[in-house]
Amino acid sequence: MGRDTRSLAHYCRLMRNFTITDEVRDYASGQGSWTPDEVVERLRSRTQTLGGVAGMQIGDDQGQLLTMMARLVGARRAVEVGTFTGYSGLCIARGLAEGGTLLCCDISAEWTAIGVQAWEEAGLGDRIELRIAPALQTLRALPQEAVIDLAFIDADKTGYAGYWEELVPRIRPGGVLLADNVHWSGRVVDPDDTDDDTEALRAFNTIVATDARVEVVLLTAFDGLTIARKL
């Protein structure tokens, strides 16, 4: 019986963990309530002209999740740390409640200019404020009140812990904070990987898991996504 139980558990793990191919990802995003439109396709094309860094852009499935999360929490005030070419910001802004606003923090005027163009094309320019400055500087200048409904961190990995500490007190009870790339392609569980980014993410994951101010789920989807709800 014990061996059969172990075999069943192993089988279940295999069923839950399979290779996510481009075809599977396209199928998943195609089953969502919306699929990429002309604005998104143009944004993707402009991003591709940047070369290898284009891989930092989130996928359509994760974009759908960001829109859904904004709608689920009824977000009127949202903050994004790490905007790149604006796709994640566009997805969050599309999910905001009437009159909602998104503050985007980034240090690259070149990359975010692509996003600004896409936001305008999507009719979202009036919902999004972009600040080009070190994100910690921008976050520390925000009011101390806990009024942010949704925050998304997807920036330099060594900065995650600092962004977390600035954002959590400003998230309202019931609000949500998301952090991307927290599995770092599986490197966080490789003891031989002592890269600065890997070590920073390990430390960040521990900080989040032991933070009594939030309840947390760490998804194995995408490249690892932390979902934390403020208590």
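The values are calculated or read from the model by the stated rules, or taken from the named source; none is laboratory data. If you're wondering where the values come from, they're calculated on a predicted model, not measured in any experiment. Glycine also receives a Cβ, built like all others from the backbone with ideal geometry; neighbour counts cover every protein chain displayed. Note: areas computed on protein heavy atoms with side chains; ligands, DNA, RNA excluded. Shrake-Rupley method; radii C 1.70, N 1.55, O 1.52, S 1.80 Å.
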Those residues of region 70-99 that are among the hydrophobic types (A, V, I, L, M, F, W, C) and either on the phi > 0 side of the Ramachandran plot or open to solvent by 50 Å² or more (accessible area, probe 1.4 Å) (or both) come to a total of 2
First in region 26-51 and free of Cβ contacts under 8 Å to residues at least 60 places away in the same chain, second anywhere and assigned to a loop (DSSP other than H, G, I, E, B), Cβ under 8 Å, 6 or more apart:
29/35; 29/36; 29/59; 44/36; 44/57
What is the one condition in (1) at pLDDT below 95; (2) under 27 Å from residue 113 (Cβ atoms); (3) not in a helix (DSSP H, G or I) that residue 80 does not satisfy?
(1)
Within region 45-64, work out how many residues are outside any helix (DSSP H, G or I) and open to solvent by 40 Å² or more (accessible area, probe 1.4 Å).
2
Being free of Cβ contacts under 8 Å to residues at least 40 places away in the same chain, farther than 18 Å from residue 160 by Cβ and either open to solvent by 60 Å² or more (accessible area, probe 1.4 Å) or in a helix (DSSP H, G or I) (or both) is the requirement here; does residue 67 meet it?
yes
Which residue out of 180, 197, 223, 193 is more than 23 Å from residue 105 (Cα to Cα) and charged (D, E, K, R)?
193
Candidate set: region 140-169, residues that are assigned to a loop (DSSP other than H, G, I, E, B) and touching a strand residue (DSSP E or B) at 6+ places or on another chain (Cβ under 7 Å); chosen: the one most open to solvent (accessible area, probe 1.4 Å):
147
Failed item in (1) farther than 25 Å from residue 220 by Cβ; (2) in contact (Cβ under 8 Å) with a residue 12 or more places away in the chain, with residue 81 passing the rest:
(1)
Look through region 25-44, keep the residues that are open to solvent by 50 Å² or more (accessible area, probe 1.4 Å), more than 19 Å from the chain's Cα centre (by Cα) and under 17 Å from residue 122 (Cα atoms), and return whichever of them is modelled with the lowest pLDDT.
37
Is it the case that residue 143 is free of Cβ contacts under 8 Å to residues at least 40 places away in the same chain, over 30 Å from residue 38 (Cβ atoms) and of a type outside the set (Ser, Thr, Tyr)?
yes
Taking into account only those residues within region 100-123 that are open to solvent by 10 Å² or more (accessible area, probe 1.4 Å) and not in a helix (DSSP H, G or I), which is farthest from residue 149 (Cα to Cα)?
108
Answer from 135, 179, 151 - the residue that is touching a Phe, Trp or Tyr at 6+ places or on another chain (Cβ under 8 Å) and within 14 Å of residue 103 (Cα to Cα)
135
Can you confirm whether residue 114 is closer than 22 Å to residue 69 by Cβ and either charged (D, E, K, R) or at pLDDT 95 or above (or both)?
no
Tally of residues being within 18 Å of the chain's Cα centre (by Cα), open to solvent by 40 Å² or more (accessible area, probe 1.4 Å) and touching a residue at least 24 places away in the same chain (Cβ under 8 Å) across region 170-202:
4
For region 150-173, which residues satisfy the criterion of being among the hydrophobic types (A, V, I, L, M, F, W, C) and out of contact with any helix residue (DSSP H, G or I) (no Cβ under 7 Å at 6 or more places or on another chain)?
168, 171
